[in-house]
1. From the protein chains alone at 1.4 Å, what is the descending order of accessible area for Val176, Val95, largest first?
2. What does the accessible area per residue of the chain come to in Å², with a 1.4 Å probe and no ligands, DNA or RNA counted?
3. Which is the longest stretch in the chain that no exposed loop site breaks, taking sites as trypsin sites (Lys or Arg not before Pro) with a DSSP loop state and at most 11 other Cβ atoms within 10 Å?
4. Taking all protein chains in place and a 1.4 Å probe, what share, in percent, of the accessible surface of the chain do carbon and sulfur account for?
5. Helix-only estimate, please: 222 nm mean residue ellipticity of the chain, summing -39500 (n - 2.57) across DSSP H runs of length 4 or more and dividing by its residues, to the nearest 500.
6. Using alpha carbon centroids, what distance separates the range 31-96 and the range 109-188, in Å?
7. Helix 43-59 versus the longest principal axis of the chain: what is the Cα-based angle in degrees, 0 to 90, to the nearest 10?
8. Write out the GluC sites (Glu not before Pro) in the range 57-144 meeting two conditions: DSSP loop, and at most 16 other Cβ atoms within 10 Å of their Cβ.
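The values are calculated or read from the model by the stated rules, or taken from the named source; none is laboratory data. Source: prediction; values computed, not measured. Cβ placement follows ideal geometry from the backbone for every residue including glycine, while neighbour counts extend to all protein chains displayed. To get the accessible areas, we keep the full protein, side chains included, count just its heavy atoms, and leave off ligands, DNA and RNA. Shrake-Rupley method; radii C 1.70, N 1.55, O 1.52, S 1.80 Å.
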Amino acid sequence: MSDVAGLPRDLVTLEEWDALELDEARRWELVEGGIVMTPRPRPLHQVVSMNLAQLIRAALPASLVVLPEVEITVEARFPPTVRDPDLVVVNRSVVDLNPVRVDAADVVLVIEIVSPGSRRTDHVMKLYEYAKAGIENYWIVDLEGEPRFLAHRLRDGGYHRLDVLRGNRVDTGEPVALGFELDELAKP
């Protein structure tokens with residue numbers, strides 16, 4: 001059964017999710033079978049995403065690729081969860097397969113850039129979901145929060161925060177070695 005906007009009222013399966021024709025002016029995620037809509041990112045958010053993707057791309061080995069806004073199947077069993085993170089790093093072989101969405105098992109790193117209204121989702125819900133899905137690395141860029149950059153590594157079934165931020169400087173080791181000033185990310 002559908003509501004006024006034509007979206008299902010009930011929980012949907014992955015097959016039903018794939019069959020939906022959703023307005024691409026919005027970002028859509030499937031959370032425990034329920035459809036969630038959020039506004040498209042603002043310009044500064046996109047600048048940060050593009051700049052971080054460029055930094056990562058320059059430092060990755062040829063076997064890895066950084067991709068913007070690719071759906072990840074976080075939970076395939078009913079009720080399913082499909083997230084649409086800002087950036088993901090996957091093995092190049094995943095790109096060659098060109099799947100509808102990427103399986104969490106194929107994700108080396110997932111990155112969320114916090115937008116107005118997504119702070120709790122990014123810092124709490126997705127932290128839990130990505131860890132449960134077995135994604136080894138999760139970074140959060142939160143230019144309006146404190147701390148402004150968080151790197152997490154999966155250990156013993158949960159994420160543990162890595163010490164990568166010193167003032168405005170970020171220095172990461174895994175899964176990609178980067179060194180940059182946070183303010184650089186916001187430069188158009």
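1. Val95, Val176
2. Values: 10300 Å² over 188 residues.
That works out to 55 Å² per residue.
3. Working: sites that count: Arg9, Arg77.
Looking at the chain, 78-188 is the longest stretch - no exposed trypsin sites (Lys or Arg not before Pro) with at most 11 other Cβ atoms within 10 Å.
4. The C+S portion of the solvent-accessible surface of the chain is 52 percent.
5. The helix contribution divided over the chain gives -5500 deg cm²/dmol.
6. Computed from Cα coordinates, the inter-centre distance equals 13 Å.
7. 60
8. When the GluC sites (Glu not before Pro) of the range 57-144 are filtered for loop state and at most 16 Cβ neighbours within 10 Å, Glu69, Glu144 remain.
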